[in-house]
Amino acid sequence: MLGGLQVVHTPDIRDSLLFLTKLQTNHTLRTNNACDCGAGIGRVSKHFLLRRFNTVDLVEQNGEFLREAAEYLQSERSEGRVGDMFDVGLQAFTPVQARYDVVWCQWVLSHLTDDDLVAFFKRCTTGLAPGGFICVKENVAGTSYVVDSEDSSVTRSASVFESLFQKSGLSIIEKQTQTDFPDGLFEVKMWALQPK
């Protein structure tokens, strides 16, 4: 879900695919199972993750969005490529142990407190298959925190994110900045993380 900013869809998908290619080329990324955290209606799953992974599970706390995702991904579901669809918030989500080659978190972590985010990352670590990655793609602020007064979301700076990764016992394996987004938007960064 892009909040009306369809212009970001094509560069978003392109740069995410390039980021995964880097993980496949430079590291040991396998492409069996991925988890789309904060999946919304399934845009990232359909146009990105299902282009690279055999199966994708979705985590989305809004039940209406998850129902829309089930319809949007109907053909992929009938092919058995969409696995579980978890109707739960990330603060309560615990992945199946050693299941995922990638846990992909995009434009969702701003709704978690720092403490909930660290706890979430620690739980996700147990859900990684050997050699798996937690990937984060989020807006980044120029200052430590920017709070949105309308939805209470928090945009963190890159240094705050990297401090939280450290607290979660994660090492940064790769990072990249999103390109070709319109002026006036937050900068977007991607990180690939693995347990230390």
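The values are calculated or read from the model by the stated rules, or taken from the named source; none is laboratory data. For clarity, every value in this text was computed on a predicted model and none was experimentally measured. Neighbour counts are summed over all protein chains in view; Cβ atoms, including those assigned to glycine, are modelled from backbone coordinates with ideal geometry. Ligands, DNA and RNA are excluded from the accessible area calculation, which covers all protein heavy atoms including side chains. Shrake-Rupley method; radii C 1.70, N 1.55, O 1.52, S 1.80 Å.
General observations
- Average accessible area per residue (Å²) across region 45-112 - probe 1.4 Å, nucleic acids and ligands excluded: 48 Å²
- Amide H partners (placed H, <5 Å) of GLY127, local residues excluded: ALA98
- Taking the Cα centre of region 41-119 as reference, the dipole from Cβ charges on Lys and Arg (+1) and Asp and Glu (-1) amounts to some 420 debye.
- Each Lys and Arg Cβ is given +1 and each Asp and Glu Cβ -1; about its Cα centre, the chain then shows a dipole of about 840 debye.
- For region 7-62, the fraction of C-alpha pairs more than 13 angstrom apart is 62%.
- Of the peptides 55-62, 181-188, 76-83, the order by per-residue mean of other Cβ atoms within 10 Å, starting with the highest, comes out as 55-62, 76-83, 181-188.
- The accessible surface of the chain, taken with every protein chain in place and a 1.4 Å probe, is 48 percent carbon and sulfur.
- Going through (1) 9, 38, 41, 12, 0; (2) 9, 34, 30, 18, 8, 1; (3) 10, 37, 35, 15, 2, 0, the figure that equals P(r) over Cα pairs in 10 Å bins from 0, in percent as computed for the structure here is (1).
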